[in-house]
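Enquirer: First the structure, which I've put down as structure tokens, then a few questions once you've had a look.
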Amino acid sequence: MSQRRVVITGMGAITPLGNDVAKTWANVREGKSGVGKITLFDATGYPVQIAAEVKEFSLEQYGVDRKLARKMARFTKFLTGACIQAVRDAGYDNESFGKDNSGIVTGIGIGGFDALEDGFKKYFDPRFGVNRIPPLTAPLMLENEAAANVSMMFGIHGPVWTLSTACASGTDSLGLAFDMIRSGRVDVCLGSGTEAAVTGFSIGCFQQLQALVSAFNDTPEKACRPFDKNRAGFVMAEGAAVLVLEELEHAKKRGAKIYAELAGYGSSSDAYHITAPTPDGSGGALCIERALADAGISGNAVHYYNAHGTSTQANDVAETKMIKSAFGDHAYKMKVSSTKSMTGHMIGAAGVIEALFCVKAIQENFAPPTINLDEPDIENGCDLDYVPHKGVETHIDVAASVSLGFGGHNGCVIIKRYE
């Protein structure tokens with residue numbers, strides 16, 4: 001496609017490591033874990049009793065009316081807060097953002113489980129039944145409810161889209177927003193992701209699938225250990241992240257600060273299995289190769305790779321094969337790390353927060369760590385430089401961020417230092 005250049009001019013984040021970009025990134029640099037005991041429901045009888053929860057968050061601190069906030073699901077509140085941060089960071093306010101040719105794309109993997117559960121509890125309780133289902137259950141559980149609320153807050157009259165490709169939703173939302181700007185449909189777009197799936201039913205579903213780690217309930221900070229021989233499943237997390245994507249000349253005309261350039265996007269499907277990646281990593285490698293081609297660069301130009309790195313047996317081995325296939329010998333020269341070791345798996349928000357970390361890595365020439373990597377799974381081929389335990393200062397001009405979702409959805413974005 002004939003391409004307009006797209007830059008990143010604003011960022012926002014609500015994560016288990018902090019309720020803004022600065023606090024979240026500071027904790028990533030220090031290698032801190034956001035995983036702890038579940039407090040959002042009583043998990044006493046659950047095999048899985050840990051998650052990475054957002055802490056001490058309230059929309060009121062952003063000037064949002066309490067009555068309005070009560071009409072939002074938890075994942076919508078997270079997205080709204082992160083969008084307010086990002087829009088302000090980009091030099092807009094609530095009125096001016098919508099006056100430009102703007103849009104929003106939001107990635108959500110699971111959606112409003114909190115509202116759904118509350119409704120089901122009333123519906124199945126013989127004391128209450130159908131007539132006591134909370135009136136707002138239907139809109140609160142809809143995945144598009146988050147982006148719709150943001151559009152009303154900022155007066156966004158362009159495309160307001162919600163995309164769901166499981167754990168790849170955030171990365172794919174960036175890709176779709178990126179393409180809308182390049183095609184000329186909008187000049188500025190919020191590429192975003194959000195999730196709030198730390199609920200009794202959600203944790204129960206994923207533990208029954210044997211996808212969640214249950215072996216570290218007493219030491220939750222050690223639970224997420226990507227590429228480690230003793231990894232035992234992922235940690236459910238919640239939160240939201242937003243990047244303000246903007247056409248370069250539009251950003252320059254209004255004097256916006258520019259963090260980095262979003263240079264390429266690639267997508268692919270494994271067409272293999274509903275929960276497992278292609279064992280040889282070929283499906284994921286294809287999305288990386290497409291992103292590199294879209295950016296017009298070779299794999300040798302990439303200095304840092306933010307891995308999907310879920311800490312599951314299947315993912316980490318397949319992703320390592322994928323990296324080697326896409327980058328060849330250069331795979332051993334890149335810094336490769338999984339920041340999920342600290343944030344947990346934010347599902348629909350994962351791809352956006354990890355792209356944000358790539359922006360910060362480029363800004364500060366710092367590769368964040370993979371914590372808890374005590375014994376790399378060498379015998380299964382996990383032998384790359386995963387930046388164990390502590391981040392390192394290293395020159396980074398180009399970074400790749402990859403997300404792999406249930407159903408075989410793969411997405412990759414390439415982020416460059418702006419020149």
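The values are calculated or read from the model by the stated rules, or taken from the named source; none is laboratory data. Bear in mind the structure is a predicted one, so any value in this text is a computation, not a measurement. For neighbour counting, all protein chains shown are included, and Cβ atoms are generated from backbone atoms with ideal geometry for every residue, glycine included. In case anyone asks, the SASA skips ligands and DNA or RNA and just uses the protein heavy atoms, side chains included. Shrake-Rupley method; radii C 1.70, N 1.55, O 1.52, S 1.80 Å.
Enquirer: Can you tell me which residue among Phe78, Phe120 is in a helix (DSSP H, G or I), closer than 23 Å to Asp172 by Cα and of a type in the set (Phe, Trp, Tyr)?
Expert: Numbers: Phe120 fails: closer than 23 Å to Asp172 by Cα.
Testing whether each residue is in a helix (DSSP H, G or I), closer than 23 Å to Asp172 by Cα and of a type in the set (Phe, Trp, Tyr) leaves just Phe78.
Enquirer: Within the range 167-178, is there a residue that is over 30 Å from Gly309 (Cα atoms) and hydroxyl-bearing (Ser, Thr, Tyr)? Walk me through how you get there before you give the answer.
Expert: Step one: of the range 167-178, the residues over 30 Å from Gly309 (Cα atoms) are none.
No, because not a single residue in the range 167-178 is over 30 Å from Gly309 (Cα atoms) and hydroxyl-bearing (Ser, Thr, Tyr).
Enquirer: Could you tell me which numbered condition Gly111 fails, if it satisfies all but one of (1) at pLDDT 95 or above; (2) over 23 Å from Arg185 (Cα atoms)?
Expert: Answer for Gly111: the failing condition is (1).
Enquirer: Continuing with the same structure: Only one residue in Glu30, Glu60 is free of Cβ contacts under 8 Å to residues at least 60 places away in the same chain, closer than 24 Å to Asp118 by Cα and of a type in the set (D, E, K, R). Which one?
Expert: When all the criteria are applied, what remains is Glu60.
Enquirer: If you check every pair at least six apart or on different chains, which have Cβ atoms under 8 Å apart with a residue in the range 239-256 that is among the small types (Gly, Ala, Ser) first and a residue that is open to solvent by 40 Å² or more (accessible area, probe 1.4 Å) second?
Expert: Close Cβ pairs satisfying both conditions: Ala251/Ile258; Gly255/Gly91; Ala256/Gly91.
Enquirer: Tally up the residues in the range 34-57 that are hydrophobic (A, V, I, L, M, F, W, C) and either farther than 20 Å from Thr194 by Cβ or free of Cβ contacts under 8 Å to residues at least 40 places away in the same chain (or both), please. Give the derivation first.
Expert: Going residue by residue through the range 34-57, those that are hydrophobic (A, V, I, L, M, F, W, C) are 35, 38, 40-41, 43, 48, 50-52, 54, 57.
The next check asks that each one be either farther than 20 Å from Thr194 by Cβ or free of Cβ contacts under 8 Å to residues at least 40 places away in the same chain (or both); those that pass are 43, 48, 50.
Residues in the range 34-57 being hydrophobic (A, V, I, L, M, F, W, C) and either farther than 20 Å from Thr194 by Cβ or free of Cβ contacts under 8 Å to residues at least 40 places away in the same chain (or both): 3 in total.
Enquirer: Additional query: Taking Ala148 as the residue in question, decide whether it is part of a helix (DSSP H, G or I) and free of Cβ contacts under 8 Å to residues at least 40 places away in the same chain. First the steps, then the outcome.
Expert: Numbers: part of a helix (DSSP H, G or I): yes; free of Cβ contacts under 8 Å to residues at least 40 places away in the same chain: yes.
Yes.
Enquirer: Does Lys253 meet the test of being modelled with pLDDT of 95 or more and open to solvent by 10 Å² or more (accessible area, probe 1.4 Å)? It would help to see each step written out before you state the result.
Expert: On the way: modelled with pLDDT of 95 or more: yes; open to solvent by 10 Å² or more (accessible area, probe 1.4 Å): yes.
Taking the combined requirement at face value, the residue satisfies it.
Enquirer: Filter the helices (runs of 4 or more DSSP H) completely within the range 313-419 down to those with at least 3 residues that are open to solvent by 10 Å² or more (accessible area, probe 1.4 Å).
Expert: Details: elements: 313-327, 340-343, 350-364.
Correct list: 313-327, 350-364.
Enquirer: Looking at the range 272-296, which of its residues are open to solvent by 40 Å² or more (accessible area, probe 1.4 Å), of a type in the set (A, V, I, L, M, F, W, C) and either part of a strand (DSSP E or B) or modelled with pLDDT of 95 or more (or both)?
Expert: The answer is Leu286, Ala293.
Enquirer: Pairs please, first residue from the range 293-304 and within 13 Å of Tyr265 (Cβ to Cβ), second anywhere and at pLDDT 95 or above and of a type in the set (Phe, Trp, Tyr), Cβ atoms under 6 Å, 6+ apart in sequence or on different chains.
Expert: Going by the 6 Å Cβ cut-off, the qualifying pairs are Asp294/Tyr265.
Enquirer: Now, a different point. Looking at the range 203-231, which of the residues that are in contact with a strand residue (DSSP E or B) (Cβ under 7 Å, 6 or more places away or on another chain) and in a helix (DSSP H, G or I) is surrounded by the most Cβ atoms within 10 Å (Cβ to Cβ)?
Expert: Looking at the filtered set, the residue picked out is Ile203.
Enquirer: Tell me which of these Tyr265 doesn't satisfy, since it passes every other one: (1) part of a strand (DSSP E or B); (2) of a type in the set (Ser, Thr, Tyr); (3) open to solvent by less than 10 Å² (accessible area, probe 1.4 Å).
Expert: All conditions are met except number (3).
Enquirer: Considering only the range 88-103, I want to know if a residue exists there that is open to solvent by 30 Å² or more (accessible area, probe 1.4 Å), over 24 Å from the mean Cα position of the chain (by Cα) and within 29 Å of Phe41 (Cβ to Cβ).
Expert: The answer is no; no qualifying residue exists.
Enquirer: Report every pair of residues separated by at least 6 positions or lying on different chains whose Cβ atoms are under 8 Å apart, first residue within the range 118-133 and over 22 Å from Val198 (Cα atoms), second in a helix (DSSP H, G or I) and open to solvent by less than 70 Å² (accessible area, probe 1.4 Å).
Expert: Filtered contacts from the range 118-133: Phe128/Lys122; Gly129/Lys122; Arg132/Lys122.
Enquirer: Next up: Take the conditions aliphatic (A, V, I, L, M), part of a loop (DSSP other than H, G, I, E, B) and either open to solvent by less than 20 Å² (accessible area, probe 1.4 Å) or at pLDDT 95 or above (or both) and apply them to Val54. Does it pass?
Expert: On the way: aliphatic (A, V, I, L, M): yes; part of a loop (DSSP other than H, G, I, E, B): yes; either open to solvent by less than 20 Å² (accessible area, probe 1.4 Å) or at pLDDT 95 or above (or both): yes.
Judged against the criteria, Val54 is a match.
Enquirer: Continuing with the same structure: How many of the residues in the range 173-189 are crowded, with 24+ Cβ neighbours inside 10 Å, of a type outside the set (Val, Ile, Thr) and more than 14 Å from the chain's Cα centre (by Cα)?
Expert: 2
Enquirer: Criterion first (more than 27 Å from Gly407 (Cα to Cα), open to solvent by 20 Å² or more (accessible area, probe 1.4 Å), out of contact with any helix residue (DSSP H, G or I) (no Cβ under 6 Å at 6 or more places or on another chain) and touching a residue at least 24 places away in the same chain (Cβ under 8 Å)) does Leu142 satisfy it? So that I can check it myself, show each step before the final result.
Expert: Values: more than 27 Å from Gly407 (Cα to Cα): no; open to solvent by 20 Å² or more (accessible area, probe 1.4 Å): yes; out of contact with any helix residue (DSSP H, G or I) (no Cβ under 6 Å at 6 or more places or on another chain): yes; touching a residue at least 24 places away in the same chain (Cβ under 8 Å): yes.
No; evaluated as a whole, the condition is false for this residue.
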